[in-house]
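*Asks:* Sharing a structure with you now.
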Amino acid sequence: MAEQERKSTVDSGWVAARSSEVQFSGTQLTTTHPPTGPTSPWMEALVPGTVLATLVKNKVVPDPFYGLQNEHIIDIADSGRDYYTFWFFTTFHCKLESNEYCDLNFRGINYSADVYLNGHKTILPKGMFRRHSLDVTDILHPDGTNLLAVLVYPPDHPGRIPPEGGQGGDHEIGKDVATQYVEGWDWMAPIRDRNTGIWDEVSISVTGPVKIIDPHLVSSFFDHYKRVYLHTTTELENRSSWTAECSLSIHVTTELEDGICLV
Amino acid sequence: EHLQTQNLSVPAKSRVQYTFPELFFSKPNLWWPNGMGKQSLYNVIINIDVKGYGESDSWNHHFGFRKIESHIDDATGGRLFKVNGEPIFIRGGNWILSDGLLRLSKKRYKTDIKFHADMNFNMIRCWGGGLAERPEFYHYCDYYGLLVWQEFCITGDVDGRGIPVSNPNGPLDHDLFLFCARDTVKLLRNHPSLALWVGGNEQIPPDDINAALKNDLRLHPYFEIVDENNKPVG
């Protein structure tokens with residue numbers, strides 16, 4: 001199975017709603033009461049993207065990058081964090097063969113989130129610049145259709161923009177591990193939701209018993225770059241209950257050049 | 001000679017680290033920054049087969065053979081870069097981020113980064129108040145030969161040197177900062193365009209964070225090449 005088939009991005013069919021406008025829990029949303037589509041309070045969502053990107057896409061707020069329209073969008077300091085705390089919901093298809101394992105991967109969430117899959121809850125730790133990989137093998141539906149709801153919380157310290165603006169507003173955002181331009185800078189108006197959202201790729205990856213994790217490639221050079229070595233280290237995880245006898249191979253090919261691939 | 005297979009056992013319910021015996025290349029095509037030569041990229045594919053199951057996982061990444069060194073030049077006080085032993089005059093641009101609502105797209109990255117290459121730039125500096133940029137950003141920097149100076153999310157204005165002075169000790173949770181920094185390094189470290197990690201913009205991170213970053217990011221002694229005077233090079 002090629003790597004592309006092994007990993008599929010979950011970037012379609014997402015809907016979103018403000019958490020305060022949804023009366024169901026995450027467990028209910030992913031079992032008995034899933035949203036039926038982009039009908040109020042749900043709307044089509046941009047994933048990857050931010051809460052504000054979704055609100056702009058649905059014309060719930062004006063585009064902040066035209067004229068002084070940013071002034072017409074309520075800032076999180078005035079609205080409170082709940083106003084920009086949003087549910088994101090989608091379904092995805094994944095059906096496993098025997099001895100296959102499945103991970104649900106988030107490459108970036110700002111700032112923290114509760115993930116519900118088919119009624120099971122996982123709390124994602126805080127931090128904008130970290131990946132999350134959840135082993136969901138045991139909670140996928142046998143028929144392959146899976147319901148995913150993510151409740152995304154804004155940064156803990158969104159701060160308040162002083163009347164005079166300035167570099168980084170009141171600097172509160174610096175207490176969190178997140179991008180700092182969002183309180184505004186001399187070249188940039190403040191971002192009202194502080195970039196809250198599932199801001200990077202969501203994917204599903206399917207592997208056999210052993211998976212490859214974060215290989216590291218390093219080259220060393222000798223004799224004026226004539227003699228070169230490629231050093232490769234990788235982590236391997238065996239999720240099965242038996243010792244896995246493996247053959248691990250590394251294959252280096254030059255880029256496709258004029259349709260010829262040199263090995 | 002560019003295909004190597006090793007047999008190993010991975011115990012049940014465990015996680016192991018494995019290092020291949022190094023692969024030898026004779027005069028490989030080197031990766032050069034924009035304006036200095038070709039951005040030769042190799043495709044590195046790692047597969048793992050499990051007896052009784054078949055192929056269990058695979059991974060691939062474009063890789064460029066290049067050696068990037070930099071140090072503070074005594075004569076100018078500036079940072080002097082060398083690529084594959086050749087000094088390079090850095091023509092760089094500041095980069096905040098692609099879109100303020102994080103509508104990040106490969107198409108936009110390709111356009112923006114090709115634009116920098118067309119402007120004859122050879123470096124992009126990712127400002128600490130923006131993002132740890134994404135693999136798609138680095139892919140196009142690899143492809144068009146833009147070296148990347150990547151700052152961690154610390155800025156002078158917000159962390160200890162702004163008006164009012166605030167967060168002199170950086171973010172509240174240093175362990176969280178270091179976890180995120182390490183995970184970001186793992187996400188980006190195989191890109192040939194990644195030239196320099198920088199603690200922050202106009203500010204040195206708090207001592208404990210700075211010491212940990214320096215320790216984590218130092219060149220592993222295994223790769224420390226010394227010159228005839230036993231002085232580390234690179």
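*Asks:* Dipole of the protein assembly as shown, Cα-centred, from +1 at each Lys and Arg C-beta and -1 at each Asp and Glu C-beta, to the nearest 20 debye?
*Replies:* 500 debye
*Asks:* Inverting the mean 1/r over all pairs of different Cα atoms, compute the Kirkwood radius of chain A and quote it in Å.
*Replies:* Computed over Cα pairs of chain A, the Kirkwood hydrodynamic radius comes out at 21.1 Å.
*Asks:* How many partner chain Cβ atoms sit within 10 Å of a residue's Cβ in peptide A:161-168, on average, as a whole number?
*Replies:* 3
*Asks:* Still on this structure, please answer the following. Would you report the distance distribution of C-alpha pairs in segment B:115-234 as whole percents per 10 angstrom bin, up to the bin with the largest distance?
*Replies:* All Cα pairs considered, the percentages come to 12, 37, 32, 17, 2, 0.
*Asks:* Tell me, what HN-Hα J-couplings in whole Hz come from the Karplus equation 6.51 cos²θ - 1.76 cosθ + 1.60 at θ = phi - 60° for each residue of segment B:114-124, using x for Gly and Pro?
*Replies:* 5, 4, 5, 5, 5, 7, 6, 7, 10, 8, 10
*Asks:* Right, another one. Rounded to the nearest 5, what is the percent of antiparallel bridges among the DSSP beta bridges in the protein assembly as shown?
*Replies:* 90 percent
*Asks:* Alpha carbons only, please: Rg and Dmax for segment A:133-243, in angstrom.
*Replies:* Radius of gyration, then largest Cα-Cα span, for segment A:133-243: 22.8, 64 Å.
*Asks:* Exposed loop sites here are chymotrypsin sites (Phe, Trp or Tyr not before Pro) in DSSP loop states with at most 14 other C-beta atoms within 10 Å. What is the longest stretch of chain A lacking them?
*Replies:* In short, A:67-186.
*Asks:* With the contact rule set at Cα under 8 Å and sequence spacing of 6 or more, what percent relative contact order holds for segment B:115-234?
*Replies:* 26 percent
*Asks:* Also, I was wondering about something else. Helix-only estimate, please: 222 nm mean residue ellipticity of the protein assembly as shown, summing -39500 (n - 2.57) across DSSP H runs of length 4 or more and dividing by its residues, to the nearest 500.
*Replies:* Calculated from helices alone, the mean residue ellipticity at 222 nm is -4000 deg cm²/dmol.
*Asks:* For chain A, which span is the longest to avoid every loop-located (per DSSP) member of trypsin sites (Lys or Arg not before Pro) having at most 12 other Cβ atoms inside 10 Å?
*Replies:* Longest run free of exposed loop sites: A:60-225.
*Asks:* If one puts a single equal scatterer on every Cα of segment A:1-81 and applies the Debye formula without solvent, what log₁₀ I(q)/I(0) results at q = 0.14, 0.24, 0.26 Å⁻¹?
*Replies:* -0.63, -1.21, -1.29
*Asks:* What value in Å³ per residue do you get for the convex hull of the alpha-carbon atoms in the protein assembly as shown?
*Replies:* 165 Å³
*Asks:* To continue, here is another question. Given the Cα atoms of segment A:1-154, and with Rh set as the inverse mean 1/r over their pairs in the Kirkwood sense, what is Rg to Rh to two decimals?
*Replies:* Reported Rg/Rh (Cα atoms, Kirkwood Rh): 0.99.
*Asks:* Taking Cα pairs under 8 Å and at least six residues apart, what relative contact order does chain A come out at, in percent?
*Replies:* Once normalised by length, the contact order is 21 percent.
*Asks:* Here is a follow-up. Take every Cα pair under 8 Å in chain B that's 6+ residues apart, average their separations, divide by the length, and report that relative contact order as a whole percent.
*Replies:* 15 percent
*Asks:* Tabulate in residue order the Karplus-calculated ³J(HN,Hα) for segment A:62-68, using 6.51 cos²θ - 1.76 cosθ + 1.60 with θ = phi - 60°, rounded to whole Hz; enter x for Gly and Pro.
*Replies:* After applying 6.51 cos²θ - 1.76 cosθ + 1.60, I find x, 5, x, 8, 10, x, 9 Hz.
*Asks:* Can I ask one more? Calculate the dipole size of chain A relative to its Cα centre from +1 charges on Lys and Arg beta carbons and -1 charges on Asp and Glu beta carbons; express the result in debye to the nearest 20.
*Replies:* Dipole of chain A, to the nearest 20 debye: 280 debye.
*Asks:* Something else now. Could you work out the mean projected area of the convex hull around the alpha carbons of chain B, in square nanometres to one decimal?
*Replies:* So the mean shadow area of the Cα hull is 17.2 nm².
*Asks:* Please report, largest first and rounded to whole Å, the three semi-axes of the ellipsoid equivalent to segment B:1-131, where each semi-axis is the square root of five times an eigenvalue of the C-alpha gyration tensor.
*Replies:* Semi-axes from the Cα gyration tensor: 36, 22, 16 Å.
*Asks:* For chain A, which span is the longest to avoid every loop-located (per DSSP) member of GluC sites (Glu not before Pro) having at most 11 other Cβ atoms inside 10 Å?
*Replies:* A:165-263
Taken together, the values in this text are just the output of simple stated rules run on the coordinates, not laboratory data. As the structure is a prediction and not an experimental result, all values here were calculated from the model. Cβ atoms come from the backbone with ideal geometry, glycine included; neighbour counts cover every protein chain shown.
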